[in-house]
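Participant: For reference, the structure I am asking about is given below.
The values are calculated or read from the model by the stated rules, or taken from the named source; none is laboratory data. Note that the coordinates shown come from a computational prediction; the quantities given were computed from them, not determined experimentally. No Cβ is skipped: glycine too gets one built from the backbone with ideal geometry, and neighbour counts run over all protein chains shown. All accessible areas refer to the heavy atoms of the entire protein, side chains included, with ligands and DNA or RNA removed. Shrake-Rupley method; radii C 1.70, N 1.55, O 1.52, S 1.80 Å.
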Amino acid sequence: MGYVAVKGGEKAILNSEELLVAKTFGHESEPIEVHQILEQFALAVDRVMGEGGLYWPKLAAYALKQALGDSFEAAFLVRAFRSSVPRRGYTDPIDTRKMRVHRRISAAFKDVPGGQILGATPDYGLRFIRFDLFENLHQARIRAKKALENLARAGIPIPDSFPKIVDILREQGLLVSPPSAPRILTDITMETVSIPTSRSARLQFLARGETGGLLALAYSSMRGYGQIHPAIGELRVGDVPVCLEGRPLGWIRVTECEVISRMERGEDQDDPHFTMGYGLCFGQNELKAISMAVLDRTMQMDVCETPAQDQEFVLLHTDGIEAMGFCLHYKLPHYVTFQADLNQLRGVRRQKK
Amino acid sequence: MFTLTEEVLRVQRCYRTLLHVLSRPGTLARLDLPIERKNRLVSVPSPLLLACECLLDEKVTVSGLTERGRLWAEEISRGMRVKLAELEEADFVLSGVEASASELLSLKRGSLLAPEEGATLFVYVEEGIKGDAGLLGFAGPGVKGRLSLRVSAAVLDWASQRGKLCFEYPMGFEAFLFDREGNVLGIPRACEIEVLKPRRG
């Protein structure tokens, strides 16, 4: 390896650490409390939990605060913490049919059984910065409270559970049946995974993937470097119960997406069928869940002609923490490698003369 | 759903301390032990229990070396659902200080391809790590030049046994020595330890 151990500069490094503490905790303005981050930067917290691979909103909020809002650094802190705590076992499989839905939409059918639940979303509005609300935050809070009260008075209670769109398609024989679950799932946090890998491992990689990275590759497929033009069968955001050996532990918020893709002839079947891609991630992160589902579907293709169909390309380049670590390590001393390059260049020039 | 309890924070501090001493061989640090002892796992000394709570779980295996070490390992296995394993197979080994070189040689040392599979040894020193029995010298990665530490007779004896071992780098095992006050000493596989002033008699 062309690296050299860092010797010297210890005092400068210690001073740098102190400066970072000052930058992080030495503000002149009032410190932002963790509960404020949890409430007012909820989507950033969700993103950090997903990429860090640990569901603990408060910890993710601490990490975001310490990382000065840098989601990569915050996810790194969370994943490092995760690696330092003992494992107590695997939770039972989660049944998302039991989800307490905050939002549930289908882009495939308008009149879905149970109805479309839009929830809170910026999807249908204009992207204007709401100076009118910022200018009078007190009024904005009163308005929000009133709006919620009015909606609650006028609204119909949301059912405890909703039927799944994909189940309806399956009942009609229009969608391929899900593969039977393998007896033993791969655990990518404990095993060295070789490519090609199992679907369970692929979905785990995607669930911890960096949102932007997943989006870039999914988008490449949507634009034409692939053949996936997804229809969102169903997108859900809500809370699901988590149990360990049958004992309830609590609820976690997740986003689930099922995309329906082009027709294919199923195995041993003459009739063409729709196929499906699946995404599930911590918290509310719709962009990630959709990207996951698209990439899950692209990686199921028999052919491997585009980056999004290539398991190695997708899985090994979308882990934000791995990619960030590799990218940032170039800032560390490479004196020996660069000295070798310099010597080589000078040698070549000497030979030319 | 989860809260940052004092227990979680203590285990985090313990983790930090273990990292600290392992990267600075020859330097003692002190664990932040709980004031009140839990009722379960009564025979396992507090510092050893805290380190086990920090590093052991269902995904690793544990074994014991020396009579007390085996007793502690069995208790940890029962209380923390850590799988028991043979000494040669265990990821973590709990031991009294009286282990011999030949016994230490039985520990998993990993392979050239997978050195991370080497064991981690927790040694409990009843009489304390610090003492006036002799001087122990430390050299290798994490030590600027050479460091020396005054230690008890028990540590000196253990170090002389450890000094008899020779592994092909990067194979080997990491060791942590604990005492009842919560002092902890880390001895990574690449650390050279030498008895500089042996005990008299």
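Participant: Could you list, ordered by first residue, the pairs with Cβ atoms under 7 Å in which the first is in region A:331-348 and under 20 Å from residue A:13 (Cβ atoms) and the second is aliphatic (A, V, I, L, M), at least 6 apart or interchain?
Facilitator: A:333/A:4; A:333/A:6; A:335/A:4; A:336/A:4
Participant: For residues that are of a type in the set (A, V, I, L, M, F, W, C) and open to solvent by less than 50 Å² (accessible area, probe 1.4 Å), scanning just region B:40-54, find the one that is farthest from residue B:127 (Cα to Cα).
Facilitator: Filtering region B:40-54 for residues that are of a type in the set (A, V, I, L, M, F, W, C) and open to solvent by less than 50 Å² (accessible area, probe 1.4 Å), the one farthest from residue B:127 (Cα to Cα) comes out as B:54.
Participant: Of all residues in region A:103-160, which are open to solvent by 60 Å² or more (accessible area, probe 1.4 Å) and either at positive phi or in contact with a Ser or Thr (Cβ under 9 Å, 6 or more places away or on another chain) (or both)?
Facilitator: If the condition is that a residue be open to solvent by 60 Å² or more (accessible area, probe 1.4 Å) and either at positive phi or in contact with a Ser or Thr (Cβ under 9 Å, 6 or more places away or on another chain) (or both), then A:116 is the only one that fits.
Participant: I'd like to know if region B:130-137 contains one or more residues that are without any contact (Cβ under 8 Å) to a residue 24 or more places away in the chain and basic (Lys, Arg).
Facilitator: no
Participant: Same structure, new question: Please count how many residues of region A:320-351 are open to solvent by 100 Å² or more (accessible area, probe 1.4 Å) and among the hydrophobic types (A, V, I, L, M, F, W, C). So that I can check it myself, show each step before the final result.
Facilitator: To start, the set of residues in region A:320-351 that are open to solvent by 100 Å² or more (accessible area, probe 1.4 Å) comprises A:322, A:326, A:330-332, A:335, A:338, A:344, A:346, A:349-351.
Now narrow it down to the ones that are among the hydrophobic types (A, V, I, L, M, F, W, C): A:326, A:332, A:338.
Total satisfying the criteria: 3.
Participant: For region B:78-87, which residues satisfy the criterion of being in a helix (DSSP H, G or I) and within 14 Å of chain A (Cβ to nearest Cβ)?
Facilitator: If the condition is that a residue be in a helix (DSSP H, G or I) and within 14 Å of chain A (Cβ to nearest Cβ), then B:79, B:80 are the ones that fit.
Participant: Here is a follow-up. Determine, yes or no, whether residue A:32 is modelled with pLDDT under 95 and either of a type in the set (A, V, I, L, M) or surrounded by 12 or more Cβ atoms within 10 Å (Cβ to Cβ) (or both).
Facilitator: Spelling it out, residue A:32 is indeed modelled with pLDDT under 95 and either of a type in the set (A, V, I, L, M) or surrounded by 12 or more Cβ atoms within 10 Å (Cβ to Cβ) (or both).
Participant: With respect to residue B:94, determine if the residue is in a helix (DSSP H, G or I) and under 20 Å from residue B:177 (Cα atoms).
Facilitator: Values: in a helix (DSSP H, G or I): no; under 20 Å from residue B:177 (Cα atoms): yes.
Against the criterion (in a helix (DSSP H, G or I) and under 20 Å from residue B:177 (Cα atoms)), residue B:94 does not qualify.
Participant: Does region A:141-168 hold any residues that are part of a helix (DSSP H, G or I) and either in contact with a Lys or Arg (Cβ under 8 Å, 6 or more places away or on another chain) or closer than 16 Å to residue A:104 by Cβ (or both), and which are they?
Facilitator: If the condition is that a residue be part of a helix (DSSP H, G or I) and either in contact with a Lys or Arg (Cβ under 8 Å, 6 or more places away or on another chain) or closer than 16 Å to residue A:104 by Cβ (or both), then A:165, A:166, A:167, A:168 are the ones that fit.
Participant: Tell me yes or no: at least one residue of region B:88-106 is within 14 Å of chain A (Cβ to nearest Cβ) and surrounded by fewer than 19 Cβ atoms within 10 Å (Cβ to Cβ).
Facilitator: The answer is no, given that none of the residues of region B:88-106 is within 14 Å of chain A (Cβ to nearest Cβ) and surrounded by fewer than 19 Cβ atoms within 10 Å (Cβ to Cβ).
Participant: Sort out which residues of region A:70-93 are away from chain B (no Cβ under 14 Å) and either within 17 Å of the chain's Cα centre (by Cα) or surrounded by 14 or more Cβ atoms within 10 Å (Cβ to Cβ) (or both), and write them in order of number.
Facilitator: Matches in region A:70-93: A:70, A:71, A:72, A:73, A:74, A:75, A:76, A:79, A:92.
Participant: Now, a different point. Going by the conditions given, is residue A:87 out of contact with any Leu (no Cβ under 7 Å at 6 or more places or on another chain) and part of a helix (DSSP H, G or I)?
Facilitator: no
Participant: Is at least one residue of region B:32-39 at negative phi, outside any loop (DSSP other than H, G, I, E, B) and either buried (at least 17 other Cβ atoms within 10 Å of the Cβ) or away from every other protein chain (no Cβ under 12 Å) (or both)?
Facilitator: no
Participant: Mind listing whichever residues of region A:50-65 are open to solvent by 10 Å² or more (accessible area, probe 1.4 Å) and within 14 Å of another protein chain (Cβ to nearest Cβ)?
Facilitator: Matches in region A:50-65: A:54, A:55, A:56, A:57, A:58, A:59, A:62, A:65.
Participant: Take region A:221-235 and flag every residue that is under 10 Å from residue A:294 (Cβ atoms) and part of a helix (DSSP H, G or I).
Facilitator: Correct list: A:221, A:222.
Participant: Being closer than 27 Å to residue A:52 by Cβ, at pLDDT below 95 and not in a helix (DSSP H, G or I) is the filter here; which residues of region A:311-345 pass it?
Facilitator: Once the filter is applied, which keeps residues that are closer than 27 Å to residue A:52 by Cβ, at pLDDT below 95 and not in a helix (DSSP H, G or I), region A:311-345 yields A:330, A:331, A:332.
Participant: Let me ask another. Can you tell me which residues in region B:56-76 are within 14 Å of another protein chain (Cβ to nearest Cβ) and crowded, with 19+ Cβ neighbours inside 10 Å?
Facilitator: Start the filter on region B:56-76 by keeping residues that are within 14 Å of another protein chain (Cβ to nearest Cβ), which leaves B:56-62, B:76.
The answer is B:56, B:61, B:62, B:76.
Participant: Can you tell me which residue in region B:109-138 is most open to solvent (accessible area, probe 1.4 Å), limited to those that are in contact with a helix residue (DSSP H, G or I) (Cβ under 6 Å, 6 or more places away or on another chain) and assigned to a strand (DSSP E or B)?
Facilitator: B:133
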